[in-house]
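I have placed the structure first, in the form of structure tokens, so that the comments after it can refer back to it.
The values are calculated or read from the model by the stated rules, or taken from the named source; none is laboratory data. Keep in mind that what you see is a predicted model, and the values were worked out from it rather than measured. We place every Cβ from the backbone using ideal geometry, glycine too, and count neighbours over all the protein chains shown.
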Amino acid sequence: MTPLRQRMLHELQRRNYSPSTIRGYLNAVSQFAEYFHRSPEQLGPEHLRRYQRYLLHDRKLAPSTVEMRVSALRFLYKRTLKRRDLAFDDLIFPKVPHKLPTVLSQEEVVRLIDAAPNRLYRILLVLLYATGARRAEAARIKVEDIDSQRMVIHIRQGKGAKDRDVPLSPKLLEELRNWWRWKKPQGYLFPSTKGQRGTDQPISDKTVWHACRAAATRAGLTKKIHPHTLRHSYATHLLEAGADLRTIQILMGHERLEDTTVYLQLSRRHLHAAVNPLEQIALPAVEEGRKR
């Protein structure tokens, strides 16, 4: 690890950034340096502008992906290198189009879980759908976080370094007990292996991502499915079942209620609650001459 990479890592850890964000930021800076074959310390505003154009127009990366990489470079120059000579207008955020998230029907969720190629992938899919947990949150759950007396799962240090409890359904509890009887985990509910991170560490959140992709492929689902798809499906199905937005906000760990209202646009119950104005008028009959 280079001294600069080590400095940036320390700054990220000091601010308690999540492991996935740290990994993404360090990779983004590494690719920036590789593109110019020089240390970022030797690069300036024109290099930043050129690189951003390259990402958007040559590589044609999604604006949200470019936004993450711009955030990484801003952190590098502002927090790690403390470059006062850079105007951060040189690193503007691209306009990100607003898109509604993908949601699965309950039938598609069943198909997805049924197509899991192994026990680990199956229990991960069940857990994601039953709790709405983010993939990093799911990967880090410990055995002691499963509280069968209160029927809750304790999610530790989620987004924004906040803890929260989510309901533990009887069906999920039975699935988790089957997993425990088979795997006998001691610390983390989903421990890594000796050949990977070590059995005293949890699986990588990438494993959770691979579980979704592998099951989606085997199930023949054409929708683009990743762990957040099950999180969005969980929230949308809660809303369709009658849960209120404030409750869903708490269960999802959203800081703002505005982040939760997107599910109003995805809920079939709410979409069809409004009477379509076409249904309130009498359509004139089509005349025979007009048909021809």
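Confirm whether residue 120 is under 29 Å from residue 269 (Cα atoms), surrounded by 15 or more Cβ atoms within 10 Å (Cβ to Cβ), outside the structural domain of residue 64 (by TED's automatic domain parsing) and at pLDDT 95 or above.
Working: under 29 Å from residue 269 (Cα atoms): no; surrounded by 15 or more Cβ atoms within 10 Å (Cβ to Cβ): yes; outside the structural domain of residue 64 (by TED's automatic domain parsing): yes; at pLDDT 95 or above: yes.
Against the criterion (under 29 Å from residue 269 (Cα atoms), surrounded by 15 or more Cβ atoms within 10 Å (Cβ to Cβ), outside the structural domain of residue 64 (by TED's automatic domain parsing) and at pLDDT 95 or above), residue 120 does not qualify.
For every residue, the table says whether it meets (1) over 30 Å from residue 240 (Cβ atoms); (2) out of contact with any Leu (no Cβ under 8 Å at 6 or more places or on another chain); (3) among the aliphatic types (A, V, I, L, M); (4) at pLDDT below 90.
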residue: 69; (1), (2), (3), (4): yes, no, no, no
residue: 74; (1), (2), (3), (4): yes, no, no, no
residue: 83; (1), (2), (3), (4): yes, yes, no, yes
residue: 88; (1), (2), (3), (4): yes, yes, no, yes
residue: 92; (1), (2), (3), (4): yes, yes, yes, yes
residue: 103; (1), (2), (3), (4): no, no, yes, no
Condition check for residue 193: within 24 Å of residue 154 (Cβ to Cβ) and either of a type in the set (Val, Ile, Thr) or part of a helix (DSSP H, G or I) (or both):
no
Unique match (being touching a Gly at 6+ places or on another chain (Cβ under 9 Å) and of a type in the set (Gly, Ala, Ser)) among 62, 33, 72:
72
Considering segment 184-196 alone, what residues qualify as being surrounded by fewer than 18 Cβ atoms within 10 Å (Cβ to Cβ) and either in contact (Cβ under 8 Å) with a residue 40 or more places away in the chain or assigned by TED's automatic domain parsing to the domain that holds residue 21 (or both)?
185, 186, 187
Output for Cβ contacts, cut-off 6 Å, separation at least six or different chains, first residue in a helix (DSSP H, G or I) in segment 1-27, second of a type in the set (S, T, N, Q) and surrounded by 14 or more Cβ atoms within 10 Å (Cβ to Cβ), reads 7/80; 8/80; 11/80
Top-ranked residue of segment 261-292 - restricted to ones that are part of a loop (DSSP other than H, G, I, E, B) and surrounded by 10 or more Cβ atoms within 10 Å (Cβ to Cβ), ranked as modelled with the highest pLDDT
267
What do you reckon, is residue 231 modelled with pLDDT of 95 or more, outside any strand (DSSP E or B) and either under 17 Å from the mean Cα position of the chain (by Cα) or surrounded by fewer than 14 Cβ atoms within 10 Å (Cβ to Cβ) (or both)?
no
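The rows are residues; the columns are (1) under 15 Å from residue 122 (Cα atoms); (2) out of contact with any Lys or Arg (no Cβ under 9 Å at 6 or more places or on another chain).
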{"position": "213", "(1), (2)": "yes, yes"}
{"position": "236", "(1), (2)": "no, no"}
{"position": "244", "(1), (2)": "no, yes"}
{"position": "248", "(1), (2)": "no, yes"}
{"position": "257", "(1), (2)": "no, no"}
{"position": "267", "(1), (2)": "no, yes"}
Do any residues in segment 34-45 that are within 16 Å of residue 86 (Cβ to Cβ) have Cβ atoms under 8 Å from those of residues that are among the basic types (Lys, Arg), where the two are at least six apart or on different chains, and which pairs are they?
none
Name the pairs whose Cβ atoms lie under 8 Å apart, with the first residue in segment 135-149 and small (Gly, Ala, Ser), the second in a loop (DSSP other than H, G, I, E, B), and 6 or more positions between them or separate chains?
136/18; 138/190; 139/190; 139/203; 139/204; 148/168
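Checking the conditions here, which among 14, 49 is closer than 24 Å to residue 161 by Cβ and of a type in the set (Lys, Arg)? Full working, then the answer.
Values: 49 fails: closer than 24 Å to residue 161 by Cβ.
That would be 14, the only listed residue that is closer than 24 Å to residue 161 by Cβ and of a type in the set (Lys, Arg).
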Could you look through segment 19-62, keep only residues that are surrounded by 13 or more Cβ atoms within 10 Å (Cβ to Cβ) and of a type in the set (Gly, Ala, Ser), and pick out the one that is nearest to residue 159 (Cα to Cα)?
20
Has segment 100-108 got any residue that is within 17 Å of the chain's Cα centre (by Cα), under 29 Å from residue 267 (Cα atoms) and surrounded by 18 or more Cβ atoms within 10 Å (Cβ to Cβ)?
yes
